[in-house]
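Written below as structure tokens is the structure these notes are about.
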Amino acid sequence: MLFQYMVQILRNIRNAIIRFIDWFYFPIFRFIPREIFRYAFTGGVNTMVDLLLYFIIYRYVLDMNIVDLGFVAISAHIAAFLIVFPVTFTTGFVLAKYVTFSASELHGRIQLFRYGVTVLGSIMLNYVFLKLFVEYFGWYATFSKAITTVIVVIYSYISQRYFSFKTAQVAVSRKVNV
């Protein structure tokens, strides 16, 4: 009984989020498929949360200082990324699974595994570009994070759409185009 009640509450929250996002789906956006609009909206919100948390942790929690763990020292810009990552991983997966790519017929554990694999690619891209932009180009860390995020978002949408949350429709369209 309690489980069913919780499931219904979660469905109501999901439906409210979708209604809220779709409210912004003005006629000007009709040329954009609803799925891409929802991905951009939820991804944009998740990205803003990511950047805000990154800035706060980098600037005020870590005070832009190297984090010395005794066995390894981590630069502040990388440590801030590592601290923020679990939050945005969780919110990103939940929003992608239940709001953006809800038509996917894959089991949740497969989606989570595939999402994790694509996120590993995102982590590598984040690490490489943050190192490159901050340490080699000398750019500000928050600006570097924003540029890195644009690159990673493009990679992320493609990998999530065609791998993590693949639908039968995507599989059929890929076979037809081959």
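Flag: Phe101 does not match the condition of being modelled with pLDDT of 90 or more and either buried (at least 19 other Cβ atoms within 10 Å of the Cβ) or aromatic (Phe, Trp, Tyr) (or both). Is one or more of the residues making up region 4-17 exposed (fewer than 10 other Cβ atoms within 10 Å of the Cβ) and not in a helix (DSSP H, G or I)? No, the conditions are met nowhere in region 4-17.
Taking the criterion of being of a type outside the set (Asp, Glu), surrounded by 11 or more Cβ atoms within 10 Å (Cβ to Cβ) and modelled with pLDDT of 85 or more, the residues of region 21-31 that qualify are Ile21, Tyr25.
Residues to consider are Val72, Val84; find the one that is surrounded by 13 or more Cβ atoms within 10 Å (Cβ to Cβ), closer than 24 Å to Leu125 by Cα and either aliphatic (A, V, I, L, M) or without any contact (Cβ under 8 Å) to a residue 40 or more places away in the chain (or both).
On inspection, the qualifying residue turns out to be Val84.
Within the bounds of region 47-57, is there any residue that is in contact (Cβ under 8 Å) with a residue 12 or more places away in the chain, in contact with a helix residue (DSSP H, G or I) (Cβ under 9 Å, 6 or more places away or on another chain) and loosely packed, with under 15 Cβ neighbours inside 10 Å? Looking for residues that are in contact (Cβ under 8 Å) with a residue 12 or more places away in the chain, in contact with a helix residue (DSSP H, G or I) (Cβ under 9 Å, 6 or more places away or on another chain) and loosely packed, with under 15 Cβ neighbours inside 10 Å, one finds none in region 47-57, hence no.
Taking the conditions (1) loosely packed, with under 12 Cβ neighbours inside 10 Å; (2) at pLDDT below 90 in turn, Tyr39 satisfies each one other than (1).
The values are calculated or read from the model by the stated rules, or taken from the named source; none is laboratory data. The model shown is predicted, which means the values in this text are computed figures rather than measured ones. Virtual Cβ from ideal backbone geometry, glycine too; neighbours counted across all protein chains shown.
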